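The values are calculated or read from the model by the stated rules, or taken from the named source; none is laboratory data. Everything quoted here is computed from the prediction, not taken from an experiment. So basically every Cβ, Gly included, is an ideal-geometry build from the backbone, and we count neighbours across all protein chains shown. Protein only, heavy atoms only, side chains kept; ligands, DNA and RNA dropped before computing areas. Shrake-Rupley method; radii C 1.70, N 1.55, O 1.52, S 1.80 Å.
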Amino acid sequence: MPTSRKLGRGVAMVGAGMSRFGAFAGKNSRDLFVEAFKEIKKSVDKELDPSLIETLYIGNFSSDQFEHQAHIAPLLADAVGLLPRPATRVEDACASGGVALRQGVMAIASGLYDVVLVGGAEKMTALNTAAVTEALATAADVPYEIPAGFTFPGFYAAMASAYMHRYGMKSKHLMNVAIKNHDNAALNPNAQFGMTIQNWMEGRIASAVKKGKPKPTWSTIWDFLHDESGNPTVAWPLRLFDCSPITDGAAAILLVAEERAHEFTDHPIHIIGSGQASDSALHGRPGLTTIPAAKIAASQAYEMAGVTRDDIRIAEVHDCFTIAEVIASEDLGFFAPGEGFKAAEDGMTARNGAKPINTSGGLKAKGHPVGASGVAQAVEVWKQMRGQAEARQVEMDIPLALTHNVGATGSTCVVHVYERRN
Amino acid sequence: MSEETTTVRPFTSAAFDQFIAEHKLMASRCIKCGESYVPPRAICPKCHSEEMEWVETSGKGKLAAFTVIYSGPTFMVEQGFDRKNPYVSGIVELEEGARMSARITGVDPTKPNEIKIDSPMTVDFVEFGEGDEKKTYLAFRMV
Ligand SMILES: [Zn+2]
């Protein structure tokens, strides 16, 4: 199987926008996508004539289960006034958005289209937590994994148990990832949890006092994070603050043929590498401390881009659980196997670190509307590379960045490499 | 169940479940290259042969990964599990090399630090419900 692939022609990102992420009663995925579309129009430097858009690819995991509404791609196209253009829903669980992006890249690289809208949308909070957990569980290998009692937190917790056994990591190390991602999300106005864990803890204490309940005795966030009443265990060793939330949200990016980018902006972001791989259920893999599809997708993307892991300045990675960010930082080659948790502890992945990861707050704190997450990663990269990330802007120049989007436990992984040339 | 009816079952999840209900953990084995698979496969991914046969596994293995789940799916809640009564799920590596997701029994869910990866495990079957409603779940018991 040949792994070295080239795009038929260059692809540039010339606009990017997202809705706020959170829990929004009264808004469905269509309403959220309209918000993302309005943001994309604002983001195009030289004004966007929407009639130039030729086709849409929409990442969506399960509007069927979450909203009792299937076949959403033409509905979203209609909602933003783009009929009768072809609109295609792309589903690869939590990697739906990243895979939709790849479809858009391929549509342009093939020469079929010049201007493509890639979207992602998911409305999750209409169901209660138990129903959402069960809907997400359908992304597993249902006949063979679910009877074991596994949930998604459970799968990643099992990976964490294997990682802890192999590398001596403790569950407290994972908390560094959550603290960092909440610190970043506190500076992201679109984040579901725009607050640090310190803010969160203080809010809990204030609320207890206000309600006349016993005042919690946490004096530091570490007390809070180690306390079952502050941070309950969901699936040992993972606790609540190791898990991404249930989120409503949408995101969109505008891709064009590289030779036409100048019609839209003088500062495009080029997508120069794309990789994708598939894998079995979690139990079907030889090792549980790595996601092999991520390694394959990353090596394809690096090779297509002609860059190495060391060239990448920042990355948005799929931190559906804190352990997933640690594993991602190793699978992408940023840190050696068994070193990812130490890098997080040492601040190397912080905004001012050597390899900033999830400056947006990540899935963990920005929120994880599953089908939109992979597209929202590209939105963050767009902002950071163009110096538009405001309070959370990293200081160093970012000529190259990466996104890493995982479906389920790694049955799908898709990686993209982005370049800024001026 | 005669040997013949056993071997002609299709290589499907329904057939696998039927074996589980009979308290047998079965693998599908490639007649051409000898590789065996749990869960079963109809086509060998190693040599792409379509000639498979059912074989019973040793039922012995070791714990590869596990978790203690405090918030489970509805069917586990119906079986009495909740925050106060969590349960253990895990992945077990069989002597034959294949790995499988299963419930983990014979351990104390409140003491996860005492559940050791690489511990020897033996196949177990957990039953819930009566009569037509009875369902059998694959489990492994810590030896
Ligand atoms: Zn074979």
TODO: Would you check the accessible area of B:Leu94, probe 1.4 Å, heavy atoms only, in square angstrom rounded to 10?
DONE: 10 Å²
Open item on the list: I'd like the residues of the stretch A:209-237 whose 1.4 Å-probe accessible area shrinks by no less than 40 Å² going from the isolated chain to the full set of protein chains.
Closed with: A:Thr233, A:Val234, A:Trp236
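Once you have a ≥ b ≥ c as the square roots of the Cα gyration tensor eigenvalues for the stretch B:60-142, tell me rounded if a/c is under 1.5, and otherwise prolate or oblate according to whether a/b is larger than b/c. Intermediate values should be presented prior to the final figure.
On the way: a/c = 2.33, a/b = 1.27, b/c = 1.83.
Verdict is oblate for the stretch B:60-142.
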Open item on the list: Counting other C-beta atoms within 10 Å, and keeping those with at most 16, which DSSP coil trypsin sites (Lys or Arg not before Pro) do you find in the stretch A:12-95?
Closed with: A:Lys46
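Using 0.36 nm times the number of residues separating B:Lys135 and B:Cys33, minus their current alpha carbon distance, what extension gain do you get? Kindly include the intermediate steps, with their values, before the conclusion.
Working: separation 102, 0.36 × 102 = 36.72 nm, distance 3.40 nm.
Using 0.36 nm per residue and subtracting the Cα-Cα distance, I get 33.3 nm.
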Open item on the list: Springs between alpha-carbon pairs under 10 angstrom, Gaussian network model over chain B: which of B:Ile115, B:Ile31, B:Ile91 fluctuates most?
Closed with: B:Ile31
Open item on the list: Please report the accessible area of A:Leu255 (heavy atoms, 1.4 Å probe, ligands and nucleic acids excluded) in Å², nearest 10.
Closed with: 0 Å²
Open item on the list: Counting only helical runs of four or more DSSP H residues, what would the 222 nm mean residue ellipticity of chain A come to if each run contributes -39,500 (n - 2.57) and the total is spread over all its residues?
Closed with: -11000 deg cm²/dmol
Open item on the list: How tilted is helix A:370-385 with respect to the longest principal axis of chain A? Cα atoms for both, answer in degrees (0 to 90, nearest 10).
Closed with: 70 degrees
Open item on the list: I'd like the chymotrypsin sites (Phe, Trp or Tyr not before Pro) in the stretch A:236-317 restricted to DSSP loop residues with at most 13 other Cβ atoms within 10 Å, sorted by number.
Closed with: none
Task: Of A:Val34, A:Thr322, A:Leu117, farthest towards positive along the dipole that unit charges on Lys, Arg, Asp, Glu beta carbons give chain A - done: A:Thr322
Task: Helix-only mean residue ellipticity at 222 nm for chain B, each DSSP H run of n ≥ 4 adding -39500 (n - 2.57), per residue, nearest 500 - done: -3000 deg cm²/dmol
Task: Under 30 Å from B:Lys135, Cα to Cα: lysines that are on another chain or at least 8 residues apart - done: B:Lys24, B:Lys60, B:Lys62, B:Lys84, B:Lys111, B:Lys116
Task: Neighbour-limited loop hits for trypsin sites (Lys or Arg not before Pro), the stretch B:66-143 (at most 10 other Cβ within 10 Å; DSSP other than H, G, I, E, B) - done: B:Lys84, B:Lys134
Task: Cα centre as origin, Lys/Arg/Asp/Glu Cβ charges: the stretch B:1-122 dipole, Debye - done: 440 debye
- [ ] Just report the Cα centroid separation between the stretch A:111-158 and the stretch A:211-229, whole Å.
- [x] 32 Å
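What's the longest piece of chain A with no exposed GluC sites (Glu not before Pro), counting a site as exposed if DSSP puts it in a loop and it has at most 12 other beta carbons within 10 Å?
Numbers: sites that count: A:Glu47, A:Glu228, A:Glu395.
Longest run free of exposed loop sites: A:48-227.
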TODO: Select from A:Leu83, A:Phe21, A:Ile269 the residue farthest towards the positive end of the dipole of chain A; place +1 on Cβ of Lys and Arg, -1 on Cβ of Asp and Glu, and compute about the Cα centre.
DONE: A:Phe21
Task: Under the Karplus curve 6.51 cos²θ - 1.76 cosθ + 1.60, θ = phi - 60°, whole-Hz ³J(HN,Hα) for the stretch A:243-254, x wherever Gly or Pro sits - done: 10, 6, x, 8, 9, 9, x, 8, 8, 8, 9, 10
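Out of the total accessible area of the protein assembly as shown (probe 1.4 Å, heavy atoms of protein only), what percent is carbon and sulfur?
Here it works out to 51 percent.
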TODO: Heads up, I need the accessible area for A:Asp78: 1.4 angstrom probe, whole protein in place, Å², nearest 10.
DONE: 80 Å²
TODO: Give me the angle, in degrees from 0 to 90, between the Cα long axis of helix A:171-185 and the longest principal axis of the Cα atoms of chain A, rounded to the nearest 10.
DONE: 50 degrees
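Nothing charged except the Cβ atoms of Lys and Arg (+1) and of Asp and Glu (-1): what's the magnitude of the dipole of the stretch B:60-142 about its Cα centre? Round to the nearest 20 debye. Before the final figure, lay out each step's value.
Values: 11 positive and 13 negative charges, 60 e Å.
The calculated dipole for the stretch B:60-142 is roughly 280 debye.
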Task: In Hz, Karplus ³J(HN,Hα) per residue of the stretch A:17-30 (6.51, -1.76, 1.60; θ = phi - 60°; x = Gly, Pro) - done: x, 9, 6, 5, 9, x, 10, 10, 4, x, 10, 9, 5, 5
Task: Rounded if a/c under 1.5, otherwise prolate or oblate - the stretch A:115-207, Cα gyration tensor axes - done: oblate
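Placing unit charges on C-beta atoms (Lys and Arg positive, Asp and Glu negative, everything else neutral), compute the dipole magnitude of the stretch A:262-411 about its Cα centre in debye, rounded to 20. Spell out each step's value before the answer.
Details: 12 positive and 18 negative charges, 57 e Å.
About 280 debye.
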Open item on the list: Among A:Pro147, A:Leu332, A:Ala391, which residue has its Cα furthest toward the positive end of the charge dipole of chain A, with +1 on Lys/Arg Cβ and -1 on Asp/Glu Cβ?
Closed with: A:Ala391
Task: Most to least accessible of A:Ser278, B:Ser71 (protein chains only, probe 1.4 Å) - done: A:Ser278, B:Ser71
Task: Three-way shape call for the stretch B:3-56 based on the alpha-carbon gyration tensor, with the a/c threshold at 1.5 - done: prolate
Open item on the list: Please report the net charge: other residues with Cβ closer than 15 Å to the Cβ of A:Gln198, K and R +1, D and E -1.
Closed with: -2
